[in-house]
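Remarks on the structure that follows.
The values are calculated or read from the model by the stated rules, or taken from the named source; none is laboratory data. Treat the numbers as computed from the prediction; the structure is a model and nothing was measured. Quick reminder, even Gly has a Cβ in these numbers, built from the backbone with ideal geometry, and neighbours come from all protein chains shown. Protein only, heavy atoms only, side chains kept; ligands, DNA and RNA dropped before computing areas. Shrake-Rupley method; radii C 1.70, N 1.55, O 1.52, S 1.80 Å.
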Amino acid sequence: MNLSNTLTAQDLIALSEQRGDYRVSVFLPTLRADAAADRHGARVRTLLRQAEKAVRADGVSAAAAQAVLAPAYRLLSRPRRREQPGDGLALFCAQGDVRPLRVPLRLPETVAVGDRFLVRPLLPLLGAAGQYYVLALHQNEIRLWRGSRHSLQEMALEGLPLAVWLTMPRRRAQVNAFVADRGGAGGRAVFHGIQDDHHSLVLQHFRRVDQALRAVLPGDDVPLVLAGVRSTQALYRQANTHPGLIRDGIDGNPRDVDPRQMHRTAWRLAEPVLRAGETAAAASYRELRGTGRTSTDAMAICGAAEQGRVETLFVRTDPPAGAPRIIRLREGIGAVDHRDSAAVTTLRYGGTVYAAPRDRIPDTAPMAAVLRY
């Protein structure tokens, strides 16, 4: 299983399609402060113990349960490395293997056991809770930040194409003078003016930054926010080819902007872009309600998804009232997570899935679908 911090619909489909034996999925929000590392590790161990109890309750032997969960316990005992921070952590445990995934999404504490992995908590990464980037332009340096609704964190770019272009070109000025007193060697030089080619140097540099940045960003649709003085932003916009560049930016010297304020401003600019598709799809659902082209029935939606008939699916991210603490996915025990199944199948047939809290779902049920026919 090859997972990265940037997930696509195909990644989630591939993750969901891994079946057989017992698999455990663990999700939780992360604690960024170093002082909270021990508390965070303790919380992961608690969730793993809950998973072990659930696996044993299904009749799995202690040895088989340990084969699934032991790699995750060993992972917790390793020395902490410097990693790209995230808002959430997912652990996917299979026999003899564990895959950790840090994501820019505050994941709910969730444990799932069964013959496959749970992917529903990761669905918001495909839509409005996904990520955006801030490119901070300073006269001496360029910095790249990755943001979510909850945080804004500077990216470590060592070894990436963009790293070569993070230092801005130094100002070079050519000074011309003429002799005011043409009477002889005692003539006095008078400065006529400064011819500065710095503008063209920076523009050329920004073109290289633009090309290198395109190799770093996960796609053409990811929002990009500029931060810097307006004249520098305007110059970069001349070089930009990224379709996701947002029209407005964060004005001022990035070094003088408080990181919390930068995050608030960046999210205010990026959120409408990230949610544009969701907003339009919700409006379409409301227009089609009552025409036979919409459904909130879980079994009917799953059946329509299997037939490739679901065009758009809304899935609630907050658990319905009375939802179990442990999600069981194994077939045949009457505890299938229909939201997970419908979402993955919809993606497999080219449909669109929006995972959002209750107040952004255009109906009252845990799922709402727009049907192709």
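Computed values, structure above
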read-out	value
Selection from segment 66-109 of residues that are charged (D, E, K, R), at pLDDT 90 or above and under 23 Å from Met155 (Cα atoms)	Arg99
Residue count, segment 31-65 (criterion: modelled with pLDDT under 85 and assigned to a loop (DSSP other than H, G, I, E, B))	3
Selection count, segment 101-111, where residues are farther than 15 Å from Gly130 by Cβ, part of a strand (DSSP E or B) and either touching a Pro at 6+ places or on another chain (Cβ under 9 Å) or open to solvent by 10 Å² or more (accessible area, probe 1.4 Å) (or both)	1
Residue tally, condition over 19 Å from Asp221 (Cα atoms) and either part of a strand (DSSP E or B) or open to solvent by 20 Å² or more (accessible area, probe 1.4 Å) (or both), over segment 112-135	6
Condition check for Thr352: hydroxyl-bearing (Ser, Thr, Tyr) and either closer than 20 Å to Ala14 by Cα or at pLDDT below 90 (or both)	yes
Count of residues meeting criterion [under 18 Å from the mean Cα position of the chain (by Cα) and of a type in the set (Val, Ile, Thr)] in segment 8-26	2
Single residue of segment 138-165 satisfying the filter (among the polar types (S, T, N, Q) and open to solvent by less than 70 Å² (accessible area, probe 1.4 Å)) that is nearest to Asp256 (Cα to Cα)	Gln153
